[in-house]
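To keep things clear, I will list the structure first and then write my remarks on it.
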Amino acid sequence: MAEAKKAPAAKAPKLADPMEASIEVSTQEMIRRAQQLNIDTVFDRAVTMKPCAIGLQGICCKNCAMGPCRLPLPKDGIQGEDTRKGLCGATANTICARNFARMVAAGTAAHSDHGRAVAETFLSVARKETEDYKIKDPAKLLQIAPYFGVETKIEVDGEMLDRDLDEIALGVAEAAVKEWGKPEGTLAYLQRAPKPLIEKWEKMGVMSRNIDREIVDTMHRTAMGVDQDYKNIIKQATRTSLADGWGGAMIGTDLQDVMFGSPSPLQAEANLGIMKEDHVNIIVHGHEPLLSEMIVAAAQSQEMIDYAKQQGAKGIQLGGICCTANEVLQRHGVPPAGTFLQQELAIITGACDAMVVDVQCIFQNLANVAKCFHTKLITTHPIAKMEQDNVVHIEFDEHYAMQDAKRIVKMAIDNYNERGADIMIPQHKATQIAGFGVESIQYHLGGSFRGDYFTLNDNIINGRIRGIAGVVGCNNARTKHNEEHITVIKELIKNDVIVLTTGCSAIAAGIHGLLTPGAAAVHCGPGLAEVCETVGIPPVLHLGSCVDNTRILLAATEVVKAGGLGDDICDLPAAGSAPEWMSEKAIAIGQYFVSSGVYTVFGYHMPLEGAPEFKDYLYKEMENIYGGKWDCEPDPIKHAHKMIAHIDKKRKELGIDKARERVLMDMADRQALGME
Ligand code: SF4
Ligand code: MSK
């Protein structure tokens, strides 16, 4: 009888090299630990699964069942006429523009649905339907009311008196909620932009009508057989993105500030090392802070602290991942445990008693990882459930917010004694100063008398600060974790460019020690170091979560208003960057920054290479229309220098390319600079 063939030995799965996967030590340690425990993480999966080369080029269409139609670039490039087309005849430009516009729509939907939940909760607050949320920042409410057409003063017997705050809140809440579906007009917050920018938008016909409509319009016109002109498609992508940056996301940020308080600088720690072996560790993860605000209050309540002690813990340690982390950091000093790519690692410590997730950026694999430990994985949002049976769903209701939060915190405490013996919390953490916003930058870098951004502008004009950069966005497992963020930021501050940061980029900057005033002396050029040391701020300012990118738009608008640096955002010596982007939300953010006049450089790659004409439109032509344009540079040093070159170009155009010594200026001098 012939001998039975032996089954080939199973091939060991390829594993990530921890040193190649991340520049961050605790991440490297935890990747190693996961591999020892045979738990796969995103870092390993990135090694075993390669991205689709055609998808990378942006020219795969699956918008109807005659496809997917794939239009790869010929190996020797396009010679003569580009004859590539899908079954319906769609060209590479059309397909690439449709895919791009759909990313903008998806990103806008994510930020704006977050904003909608915040606006609806604020409506409940204004209607006194919930006791758990209050108006914590009435000044912010009064500041935004006029944009919604809500009067803050009332005439009584010929005298203008302050209007009742509750009436103002109700007026703002009702008007804000309508921004998602109003039948006429354009979005209220578009009027916050500098006038020349509004004129450009009006001329191009891209003033967003209402938030939901722009998303629906984009999905419609990018469906099979509708819009076949890539310029018209990208015009709608602009209108949609403005409904994000100057719409849903901005409303979300503002109303969160009104309800939870506007951030002000505070000290905290960052990285996985914030978790404590002898405490109940609760990690909040996702984006919407409605529930996590309550979890902070519940975890700080004496009732819950006493209960934790009864169970043998020394206390409750809250931490965060992704933008929920940024929200509770900015307002309460709750330390982030890590960025997007560290979410699985927080559970692999064996000391995470509960991970509470809301929406966005949550790995489906968390449930598989949680199965290997005692961790309670708790979903809380009706649109973000998990199918695995080890996941608990506690649906958050703003009317019973504190009740829900206490239930979750109690569940984590009850889980403390269920931990296995094998616990490994990496001992790495950094100190950071976070909690910046438009108002706190104004306070620290503005003139106390003029109450605007005058001092910042003055330091840009005299050359101590070369320019302003916004460095934001995700991690991407296709790049080395945190390397691009940190290299880009360090290169910028070394060249005297002050950095405003949000999202996972901000968490990375915190972990790597760049969010302290002391970082100025170590990493900055002499001009920026002098400014930071004088006013006591870090050279990299943490402005919050992904929706808080709108704070960067408003800060740029304040710089324009303060004078001396042109009339529009596109005149400023400023640039934007997302070195490790991965989310559709990043594309929506990039598109609204570009359409607001900002030169915006993405790292890794852009899904545009398969449609060179469309790519050229984004990288060149958009600048002629809005003053901003897209670019892509994966090398972080070159990436930073492209931004610096743009900043220098703008300085030259403004006539401030030669560093000047500070001179005491009188009013006539200021008028000559257009700063009156
Ligand atoms: Fe192919 Fe056109 Fe259908 Fe897209 S819409 S899948 S290009 S036939
Ligand atoms: S969390 S969108 S990975 S920044 Fe806002 Fe981080 Fe990007 Fe999510």
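The values are calculated or read from the model by the stated rules, or taken from the named source; none is laboratory data. This one's a predicted model, so the numbers in the text were calculated from it and none came from an experiment. Virtual Cβ from ideal backbone geometry, glycine too; neighbours counted across all protein chains shown.
Name the residues in the stretch 650-665 that are at pLDDT 55 or above and assigned to a loop (DSSP other than H, G, I, E, B), would you? The answer is Gly655, Ile656, Asp657, Lys658, Ala659, Arg660. In the stretch 39-89, the qualifying residues are those that are among the small types (Gly, Ala, Ser) and away from ligand 1 (no atom under 14 Å from the Cβ), and the one that is nearest to Phe100 (Cα to Cα) is Ala53.
Taking Phe43, is it within 16 Å of ligand 2 (Cβ to nearest atom), aromatic (Phe, Trp, Tyr) and not in a loop (DSSP other than H, G, I, E, B)? So Phe43 passes the test.
Is the stretch 251-260 home to any residue that is touching a Leu at 6+ places or on another chain (Cβ under 7 Å), part of a helix (DSSP H, G or I), farther than 19 Å from Ser292 by Cβ and away from ligand 2 (no atom under 16 Å from the Cβ)? No - not one qualifying residue is present in the stretch 251-260.
Does Lys480 satisfy being in contact with a strand residue (DSSP E or B) (Cβ under 9 Å, 6 or more places away or on another chain), assigned by TED's automatic domain parsing to the domain that holds Gly435, of a type in the set (D, E, K, R) and away from ligand 1 (no atom under 16 Å from the Cβ)? Yes: the conditions hold for Lys480. Checking each residue of the stretch 46-54 against the condition of being in a loop (DSSP other than H, G, I, E, B), under 28 Å from the mean Cα position of the chain (by Cα), at pLDDT 95 or above and under 30 Å from Lys429 (Cα atoms) gives no match. Counted as qualifying within the stretch 579-649 are the helices (runs of 4 or more DSSP H) with 1 or more residues that are farther than 18 Å from Gly107 by Cβ and away from ligand 1 (no atom under 16 Å from the Cβ), namely 612-616, 622-626.
Applying the condition of being more than 16 Å from Thr600 (Cβ to Cβ) and of a type in the set (A, V, I, L, M, F, W, C) to the stretch 457-477 and asking which residue is farthest from ligand 1 (Cβ to nearest atom) yields Ile461. Just one of (1) in the same structural domain as Ile408 (by TED's automatic domain parsing); (2) within 25 Å of Ile135 (Cβ to Cβ); (3) surrounded by fewer than 24 Cβ atoms within 10 Å (Cβ to Cβ) fails for Leu266. It is (1). Taking the listed residues Ala34, Ala92, the one that is within 30 Å of Ala270 (Cα to Cα), in contact with a Leu (Cβ under 9 Å, 6 or more places away or on another chain) and more than 16 Å from ligand 2 (Cβ to nearest atom) is Ala34, with no other qualifying.
Mind checking whether some residue in the stretch 269-284 is crowded, with 22+ Cβ neighbours inside 10 Å, within 17 Å of the chain's Cα centre (by Cα) and under 23 Å from Ala351 (Cβ atoms)?
yes
For Ile135, indicate whether it is in contact with a Cys (Cβ under 6 Å, 6 or more places away or on another chain) and either within 27 Å of Arg213 (Cα to Cα) or at pLDDT 95 or above (or both). Criteria not met by Ile135.
Within the stretch 505-532, which residues are free of Cβ contacts under 8 Å to residues at least 24 places away in the same chain and either assigned to a loop (DSSP other than H, G, I, E, B) or within 16 Å of ligand 1 (Cβ to nearest atom) (or both)? Answer for the stretch 505-532, where residues must be free of Cβ contacts under 8 Å to residues at least 24 places away in the same chain and either assigned to a loop (DSSP other than H, G, I, E, B) or within 16 Å of ligand 1 (Cβ to nearest atom) (or both): just Gly518. Only one of the listed residues (Ala574, Ala640, Ala578, Ala645) is surrounded by fewer than 24 Cβ atoms within 10 Å (Cβ to Cβ), under 30 Å from Thr339 (Cα atoms) and of a type outside the set (Asp, Glu). That residue is Ala645.
Restricting to the stretch 319-361, count the residues that are surrounded by 24 or more Cβ atoms within 10 Å (Cβ to Cβ), part of a loop (DSSP other than H, G, I, E, B) and within 10 Å of ligand 2 (Cβ to nearest atom). Looking only at that region, the number is 2. The condition of being surrounded by fewer than 24 Cβ atoms within 10 Å (Cβ to Cβ) and within 24 Å of Pro336 (Cβ to Cβ) holds for only one of Ser545, Ser583, that being Ser583.
All conditions in (1) within 22 Å of the chain's Cα centre (by Cα); (2) more than 16 Å from ligand 2 (Cβ to nearest atom); (3) in a loop (DSSP other than H, G, I, E, B) hold for Leu554, with the sole exception of (3).
Looking for whichever is in contact with a Leu (Cβ under 8 Å, 6 or more places away or on another chain), among the aliphatic types (A, V, I, L, M) and within 16 Å of ligand 2 (Cβ to nearest atom) here; the options are Val438, Val471. Which one fits?
Working: Val438 fails: within 16 Å of ligand 2 (Cβ to nearest atom).
Testing whether each residue is in contact with a Leu (Cβ under 8 Å, 6 or more places away or on another chain), among the aliphatic types (A, V, I, L, M) and within 16 Å of ligand 2 (Cβ to nearest atom) leaves just Val471.
Yes/no matrix, rows are residues, columns are (1) more than 28 Å from Met250 (Cβ to Cβ); (2) modelled with pLDDT of 90 or more:
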| residue | (1), (2) |
| --- | --- |
| Gly447 | no, no |
| Phe454 | no, no |
| Asn459 | no, yes |
| Asn462 | yes, yes |
| Gly467 | no, yes |
| Gly473 | no, yes |
| Asn476 | no, yes |
| Lys490 | yes, yes |
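The residues of the stretch 401-446 that are β-branched (Val, Ile, Thr), farther than 30 Å from Gly536 by Cα and either crowded, with 17+ Cβ neighbours inside 10 Å or in contact with a Phe, Trp or Tyr (Cβ under 7 Å, 6 or more places away or on another chain) (or both), listed by number, are Ile408, Val409, Ile413, Ile425. Against the list (1) over 30 Å from Gly603 (Cβ atoms); (2) surrounded by fewer than 19 Cβ atoms within 10 Å (Cβ to Cβ), the condition Phe454 fails is (2).
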